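For reference, the structure is listed below as structure tokens.
Laboratory data are not the source of any read-out in this text; all were calculated from the coordinates shown. Predicted model, so just to flag it, every value in this text is computed and none were measured. Note: ideal-geometry Cβ built from the backbone for every residue, glycine included; neighbour counts use all protein chains shown.
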């Protein structure tokens, strides 16, 4: 009997009735994250394989478009996707038009979809949906549909498995998208960071809440398998960091919130594309590849998945972070024309001189004490512009400072574009009263989960902190000083900060306890512009020594 079966099998094989096993096909994916409306090439500093810092001009929509042109010439079915924060916190070239030129550029480059990031929600749910779907009914009527009438929208969908519309109790956006390419089905599942409410203003998160990223993605795996997908890609707007070069294959020192997400993902997930932390990496967490492509259009992440038809099997993944070098890639003509059109429309405003700074370079980077020269300048401006309203101390958050002020060779005055790029959120300045005890508690909130997130403070106010003290109690008791006098625990002080902080943003919950709250209606940017105009030579190259770390 066995001889008969063997003979039959041999005959079938010889006659061609037994087909060969399916061969893997190559699926090419190109991902961009944290573009933040950077239409132009901009400075990128990175460490090379020898640990040396390299500084280049990288990015810009013309170069990004040229890169995609070359990659599509190799594979016309290439999938171009986003991992969030494509708009928001943008330079004025894009921000002054409600980021519509950036969305038009991504539409023109054939973006298939994007996971939503936190900055897509800067102006709330309704404005985000308008930017996605088009239209001119906007909370920013001075910006919306001003670059192009009847704005058509980005033309691509956003994804988020874990962003819930609290008005309906259902997800605000589709959780996933399945793309069929080269005969195989690839599922992309999106998620925003679960702590998005801590990095978006209360107004921006109104009507929304986020759940756990990994749990939301894992819950969809059975549904995706039932649809016969051949590969699963998680696209999560959360990130980490590593000291390793951006292009090092299988880097192994990844740290941060994305590691926890990666470790808890279902093994059915084949690759994790991350974002949010503005880092470049191609790391492994266990067996899972986790990637990110820096920010501001500096890198594109190119993945090639070897996918087996007829089954869920990815046999190999090649990953590269490609530097968007304008000298290497010929510009895409349509993107170059769009960029030139935006520049021509914008330069009348953007190139206007607004003031002479006190130093040719005023940086946003905080020193080991936690103080930055630009933080000093911004808080001094906020205090000066609200003194008549009773303000005594001004605060700003490091995350709200999006650029630095640097004069080019031969330049003597800052332009509107340079100053506007520092504070692009259009936050108003809010005054409130806090006691000395609350100020002590507030400053101790700068250390959370062992991370130091320093607040910047205005002149006349100072304090000391000791790194050897316990978390939650690092500020030295009795060290708070205002105008040369000790801050009294029971006394009330009038403080001012941007509206994001005033609502408890960046986890500074003490601000939510403030009494006698008053919105000045003064924009943080206008305060800085007004101060620079009134105070020639304001700002310095070094911190002013308001924060002292006990050595």
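Values as computed for the structure displayed
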| item | result |
| --- | --- |
| Folded to 0 to 90 degrees: helix 373-386 orientation relative to the chain principal axis, Cα | 60 |
| DSSP bridge pairs, the range 353-549: antiparallel proportion in percent, nearest 5 | 80 |
| Beta bridges per DSSP with both ends in the range 221-338, % antiparallel, nearest 5 | 70 |
| Value in Å of the Kirkwood radius, where the range 39-343 supplies the Cα pairs that are averaged | 19.7 |
| Between 0 and 90°, nearest 10: helix 2-15 axis offset from the chain longest Cα axis | 70 |
| Whole-Å semi-axes of the ellipsoid equivalent to the chain (Cα gyration tensor, √5λ, descending) | 46, 26, 22 |
| Per-pair calculated FRET efficiency, R0 = 30 Å: residue 450 and residue 219 via Cβ, rounded to 0.05 | 0.45 |
| Among beta bridges that DSSP assigns inside the chain, antiparallel share in %, nearest 5 | 70 |
| Exposure proxy order (Cβ contacts within 10 Å, fewest to most) of 177, 507 | 507, 177 |
| FRET efficiency, residue 515 to residue 260 (Cβ-Cβ, R0 35 Å, nearest 0.05) | 0.40 |
| Degrees, to the nearest 10: 124-133 long Cα axis against longest axis of the chain | 40 |
| Ranked list, fewest to most other Cβ atoms within 10 Å of each Cβ, for 39, 220 | 220, 39 |
| Convex hull projection area averaged over all views, the range 353-549, Cα basis, nm² | 10.2 |
| Euclidean distance of C-alpha centroids, the range 135-184 and the range 414-479, integer Å | 35 |
| Computed E for residue 473/residue 47 - FRET, C-beta separation, R0 25 angstrom, nearest 0.05 | 0.10 |
| Contour minus Cα-Cα distance for residue 140 and residue 209 (0.36 nm per residue) | 22.5 nm |
| Projected label distance in nm at residue 170 and residue 55, using a 7 Å step from Cα toward the beta-carbon | 5.2 |
| Pairwise label distance in nanometres, residue 533 with residue 20, each label 7 Å out on the Cα-Cβ vector | 7.4 |
| Full-extension gain in nm, residue 315 to residue 241, via 0.36 nm per residue minus C-alpha separation | 23.9 nm |
| Neighbour-count ranking [beta-carbon atoms within 10 angstrom, fewest first] of 435, 468, 379 | 468, 435, 379 |
